[in-house]
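Let me begin by presenting the structure, written as structure tokens, before commenting on it.
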Amino acid sequence: LSLSRGSSIVASNSGTGPGPEVQLIASDIQLDGASIQSLTTGDGAGGNISITGQTNHLMNGTQIVSSTSGASDGGNITISATDSVSISGYDPTSTLSGISTFISDINTGVPLVTSGVFSSTSGGGSGGSVRINAGTATFDNAGTIASIATGDGRGGDIALNVRNLNIQNGGLILNTAGLDFTSFEFKGNGRAGDITIVAEDSIQVSGFNPNTFAESVIWSWSNNTGDGGNITLSASNISVQNGGIIQSIGSGTGNTGSISITADQVSISGFDEIGNSSQISSISPAANSGTITITVQSVNI
């Protein structure tokens with residue numbers, strides 16, 4: 001199954017009943033600059049999106065989006081692959097429409113539409129959850145999963161159940177509350193969603209992307225009055241290298257989320273090309289910063 005640049009599948013709901021679902025099932029799924037959306041603006045819940053294949057590839061600005069701006073909850077997104085899920089790249093021409101975060105073109109300053117899976121709430125309803133089940137999941141070259149809350153509804157949770165997770169070259173897993181990335185205004189009082197990652201073997205967060213000036217990050221970010229979400233990681237081996245970051249941060253009055261890590265081995269080492277160190281950190285200048293708990297057999301810093 002292949003969707004090419006500019007193509008889209010949209011399930012929209014403005015009524016009181018639940019919205020329609022979108023289901024893609026194929027052995028190999030290639031989404032290149034395409035868009036799949038579930039939108040709800042009324043009292044009815046958004047429809048769920050499910051993508052099932054042996055391999056799933058999202059590239060060049062492809063976005064899978066669940067968005068609610070009404071009183072009801074957004075639809076859930078589930079991506080399952082017996083082999084691999086890869087999310088990579090962005091729209092190099094800046095002509096595709098979609099959700100953008102803080103990642104911008106370093107030459108023009110224009111926000112980039114990055115490949116990714118997004119849950120967004122700007123109303124009273126909660127954002128839909130994002131779940132990925134796969135053998136190997138790779139987020140590369142600004143590939144993104146993000147849960148964004150800019151209303152009073154709670155942000156959707158992000159959950160990954162994989163064998164191996166690689167976040168590299170500026171890949172991003174983000175939950176955020178209280179910041180509109182379109183206007184860069186502080187909005188909403190909703191709490192951010194949680195990030196939960198269970199990997200049978202390894203979680204690796206590594207590297208810096210000089211084209212987007214972005215680190216590879218697992219990030220919980222509270223910006224206004226709503227609290228940040230928690231980050232929970234479990235794997236045999238967790239490695240944070242070459243400027244990679246696992247961080248809970250707050251810039252508003254909401255408390256930052258906690259970070260909980262369980263592993264056989266945790267390694268934190270190195271720095272990127274511009275001198276930023278690899279880190280696991282919790283930072284809040286104006287509210288309570290979240291706790292960091294690491295339960296491990298051995299740690300190497």
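The values are calculated or read from the model by the stated rules, or taken from the named source; none is laboratory data. Note that the structure is predicted; figures quoted are calculated from it, not measured. Cβ coordinates were reconstructed from backbone atoms using ideal geometry, including for glycine residues, and neighbour counts include every protein chain displayed. Ligands, DNA and RNA are excluded from the accessible area calculation, which covers all protein heavy atoms including side chains. Shrake-Rupley method; radii C 1.70, N 1.55, O 1.52, S 1.80 Å.
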Exercise. Can you find even one residue in region 30-42 that is acidic (Asp, Glu) and either surrounded by fewer than 18 Cβ atoms within 10 Å (Cβ to Cβ) or outside any strand (DSSP E or B) (or both)?
Worked result: no
Exercise. Taking region 128-148 on its own, how many of its residues are assigned to a strand (DSSP E or B), under 12 Å from the mean Cα position of the chain (by Cα) and small (Gly, Ala, Ser)?
Worked result: 2
Seminar exercise, completed: Here the residues within region 82-92 that are part of a strand (DSSP E or B) and open to solvent by 10 Å² or more (accessible area, probe 1.4 Å) are Thr82, Asp83, Ser84, Ser86, Ser88, Tyr90
Exercise. Can you tell me how many residues in region 227-258 are more than 18 Å from the chain's Cα centre (by Cα) and open to solvent by less than 40 Å² (accessible area, probe 1.4 Å)?
Worked result: 6
Exercise. So, of the residues in region 175-187 that are buried (at least 24 other Cβ atoms within 10 Å of the Cβ) and of a type outside the set (Ser, Thr, Tyr), which turns out to be nearest to Val117 (Cα to Cα)?
Worked result: Asn175
For this session: Give the residue, chosen from Gly61, Gly47, Gly75, that is within 19 Å of Ser97 (Cα to Cα) and part of a loop (DSSP other than H, G, I, E, B).
Result: Gly61
Problem set entry | Count of region 281-301 residues which are open to solvent by 40 Å² or more (accessible area, probe 1.4 Å) and not in a strand (DSSP E or B) | 6
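Conditions (1) of a type outside the set (Val, Ile, Thr); (2) at pLDDT 90 or above; (3) open to solvent by 50 Å² or more (accessible area, probe 1.4 Å), marked per residue:
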| residue | (1), (2), (3) |
| --- | --- |
| Ser67 | yes, yes, no |
| Ala71 | yes, yes, yes |
| Ser94 | yes, no, yes |
| Ile99 | no, yes, no |
| Val110 | no, no, yes |
| Thr121 | no, yes, no |
| Gly124 | yes, yes, yes |
Problem set entry | Condition broken by Ser216, with the remaining ones in (1) hydroxyl-bearing (Ser, Thr, Tyr); (2) open to solvent by less than 20 Å² (accessible area, probe 1.4 Å); (3) out of contact with any strand residue (DSSP E or B) (no Cβ under 8 Å at 6 or more places or on another chain) satisfied | (3)
Exercise. Which number in (1) crowded, with 20+ Cβ neighbours inside 10 Å; (2) under 24 Å from Gly44 (Cβ atoms) marks the one condition that Ile145 misses?
Worked result: (2)
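Listed here are the residues, each with its yes/no results for (1) out of contact with any strand residue (DSSP E or B) (no Cβ under 6 Å at 6 or more places or on another chain); (2) among the hydroxyl-bearing types (Ser, Thr, Tyr).
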{"site": "Ser4", "(1), (2)": "no, yes"}
{"site": "Ile9", "(1), (2)": "no, no"}
{"site": "Gly17", "(1), (2)": "yes, no"}
{"site": "Gln30", "(1), (2)": "no, no"}
{"site": "Ala45", "(1), (2)": "yes, no"}
{"site": "Ser50", "(1), (2)": "no, yes"}
Exercise. Within region 240-257, is even one residue among the aliphatic types (A, V, I, L, M), in contact with a Gly (Cβ under 7 Å, 6 or more places away or on another chain) and under 30 Å from Gly151 (Cα atoms)?
Worked result: no
Problem set entry | Test result for Ile9, farther than 28 Å from Ala199 by Cα and either outside any loop (DSSP other than H, G, I, E, B) or open to solvent by 60 Å² or more (accessible area, probe 1.4 Å) (or both) | yes
Problem set entry | Number of positions in region 13-40 that are at pLDDT below 95 and of a type in the set (Ser, Thr, Tyr) | 2
